[in-house]
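The values are calculated or read from the model by the stated rules, or taken from the named source; none is laboratory data. None of the values given here were measured: they were computed from a predicted structure. FYI the Cβ positions are ideal-geometry reconstructions off the backbone, even for glycines, and counts take in every protein chain you see. Side chains are part of the model used for accessible areas, which takes the heavy atoms of the whole protein and leaves out ligands, DNA and RNA. Shrake-Rupley method; radii C 1.70, N 1.55, O 1.52, S 1.80 Å.
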Amino acid sequence: MPSLHPQIEEVLRVMAAAKLRPIEAMTPAEAREQMEATARARKAEPLPVARVEERTMPGPAGPTRLRLYWPNASTSGGPVPAIVYYHGGGHVIGSLDTHDFVARNLCAGAEALVASVDYRMGPEHKFPAAVDDSFAALEWVHRNAAGLGADSFRLGVHGDSAGANLAAVVALMARDAGGPPLRLQSLVYPVADYTMSTPSYQKFATGCGILTREAMVWFQQHYLRSPADAQDWRASPIRAASLAGVAPAIVITAECDVLHDEGQGYAGALRRAGVAVEYREYPGMIHAFFGMVPAVDDAMNAQRAVWAAFKRAFA
């Protein structure tokens, strides 16, 4: 059994002292409020950005909120690249606010416009509502790039957990639709297979933070219409008929995470399909470590790896 990093062990002690309730023991409303409260308690200062603006776009089922972040003036003075960002939270919890810190850092670190998407979530809006909103947001950013001061030919997608699931699915949809053109898909511990059938679900079922095996069952039941949806590539991108021709990827996994094996598996499947992949596994880390700044050094290390991948892709 891999051992947890000492900084993660300390994070888990703090979480235990805070008496966070297990996700699977709560209603969606309670789980959302706990995640919001946890985000509000964060002490980290994000990197500075030039400005932040709330927008709405026409979505498949009505207006969809976006939060746009502009980087400080680019050295070239021309249009900046754009990244469409999908927050994590099992397609049930999480919001523009819970992931505001990561979005700001991504904007400043990658020197790109970031559009964070308030996609519809379960159980109120079951699969594939989140998928439809996510692709519509990418199309909107591409279509409106010039007015946003962005370059429509330097686009990327980024997400963590459920958000990485959406980023991966959107990359497949963009390939199938012949656009928008993507330079990079950035997938941080993605949900790649909602059948929940990999060995890491047993190995890290409990004791590695708030994302337990039972929590994933809870998310699956609230997001999918039925277990049969787990076979649909729009829910489980690793089950797509082919991954050939999708955007290059950076895939990040945490060693001690129920999602570890499917993230590693998705990186391998992309590579076998001829897609350029940068794969990084962080030893001793748990799910959600990416946002654990400043308590966990590898949180910022992983964020920097993503920024660098986007800068290379956009160069």
| said: If you restrict to DSSP beta bridges whose two residues both lie in the chain, what percentage is antiparallel, to the nearest 5? | reply: 30 percent
| Å³ per residue enclosed by the Cα convex hull of the stretch 165-315 | 111 Å³
| request: Sort out for me the Cα centre separation of the stretch 56-89 from the stretch 276-300, rounded to whole Å. | output: 24 Å
| By accessible area of protein heavy atoms, probe 1.4 Å, what ranking do Val217, Val258 get, highest first? | Val217, Val258
| Expressed as a whole percentage, what fraction of the accessible surface of the chain belongs to carbon and sulfur atoms when a 1.4 Å probe is rolled over the protein heavy atoms? | 54 percent
| request: Kindly sort Thr195, Thr27, Thr253 by accessible area of their heavy atoms, largest first, with the probe set to 1.4 Å. | output: Thr27, Thr195, Thr253
| note | Those trypsin sites (Lys or Arg not before Pro) from the stretch 200-282 that are DSSP loop and have at most 14 other Cβ neighbours within 10 Å turn out to be Arg225
| Taking the Cβ of Ala145 as the center, what net charge do the other residues with Cβ under 12 Å away carry, scoring Lys and Arg +1 and Asp and Glu -1? | 0
| task | Would you mind estimating how fast the stretch 207-295 diffuses translationally, via Stokes-Einstein at 25 °C and 0.890 mPa s with the Kirkwood radius over Cα pairs, in µm²/s? | result | 169 µm²/s
| field | Fraction of antiparallel bridges per DSSP, the stretch 1-118 only, in percent to nearest 5 | value | 70 percent
| task | Using only alpha carbon pairs under 8 Å that are at least six residues apart, calculate the relative contact order of the chain and give it in whole percent. | result | 18 percent
| task | Might you tell me the accessible area per residue for the stretch 239-315, computed with a 1.4 Å probe and given in Å²? | result | 36 Å²
| said: Over the chain, with a Gaussian network built from C-alpha contacts below 10 Å, which listed residue (Asp298, Asp176, Asp160) shows the highest mean-square fluctuation? | reply: Asp176
| Taking a probe of 1.4 Å, how large is the accessible area per residue of the stretch 25-161, in Å²? | 39 Å²
| task | Heavy atoms only, probe 1.4 angstrom, no DNA, RNA or ligands counted: give me Lys126, Lys43 ranked by accessible area, highest first. | result | Lys43, Lys126
